[in-house]
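All of the numbers you see were taken from the coordinates with simple rules; none came from a lab. Since we're looking at a predicted model, the values are computed, not measured. Cβ atoms come from the backbone with ideal geometry, glycine included; neighbour counts cover every protein chain shown.
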Amino acid sequence: MKKARILKRLASMLYDLLIITSILMVYTLILVILNGGSQMNSNSIVYPLSLFIFTFIYFYISWCRLGQTVGMRAWKIKLMDENLMVPSPKRCILRFIVSIPSLIIFGLGIAWYFSSNKRITLHDRLSRTYIYDLNSKDLAK
């Protein structure tokens with residue numbers, strides 16, 4: 001199987017961003033309703049932390065169960081370890097954690113893709129999980 005190209009990966013990320021935004025908006029709406037229509041306390045860390053936790057849960061469940069998020073399914077790509085198996089929970093957690101600075105620091109993890117002869121991102125390398133193109137008929141890694 002071939003590793004997925006960067007455009008498919010970015011398209012999948014955009015798709016997942018829309019999904020996560022929707023989930024977090026519904027969650028926020030529920031909190032506002034439960035709060036009597038008032039806004040959340042802006043001085044509390046609880047709300048931003050809960051948004052982070054919901055985002056983590058989305059990726060963790062998607063990656064550990066099927067190796068795919070909704071966006072990855074749409075673009076026919078899949079997260080797998082070096083044995084072409086669904087990654088272990090430990091690797092999924094590690095991938096999530098290392099992807100945060102990898103993406104936030106000026107897209108350093110994505111830029112790594114272009115400098116790597118293996119065409120992997122920094123969070124691929126650090127977590128030893130890779131995104132493969134399911135449309136690929138080529139068995140070469």
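In the elastic network of the chain, a GNM with C-alpha springs shorter than 10 Å, the most mobile of SER38, SER115, SER50 is SER38. Shown for THR55, THR69, THR121: other C-beta atoms within 10 Å of each C-beta, ranked fewest to most, produce the order THR55, THR69, THR121. Three principal axis extents of the chain based on alpha-carbon atoms, in descending order, are 57, 26, 26 Å.
Work out which helices of the chain, taken as complete DSSP H runs, extend at least 30 Å along their axis over the Cα atoms and score a mean Kyte-Doolittle of 0.0 or more, then list them.
Length and hydropathy pass: 6-34.
Taken over segment 6-133, lysine pairs spaced eight or more positions apart, or on distinct chains, with alpha carbons under 18 Å apart number 5.
So, with +1 on the Cβ of K and R and -1 on the Cβ of D and E, and no other charges, what is the size of the charge dipole of segment 6-133 about its Cα centre, to the nearest 20 debye?
Roughly 380 debye, rounded to the nearest 20.
Normalised by the number of residues in segment 6-133, the average gap of Cα pairs under 8 Å and 6 or more apart makes the relative contact order 24 percent. All other residues whose Cβ lies under 12 angstrom from that of LEU94 are scored, Lys and Arg at +1 and Asp and Glu at -1, for a net of +3.
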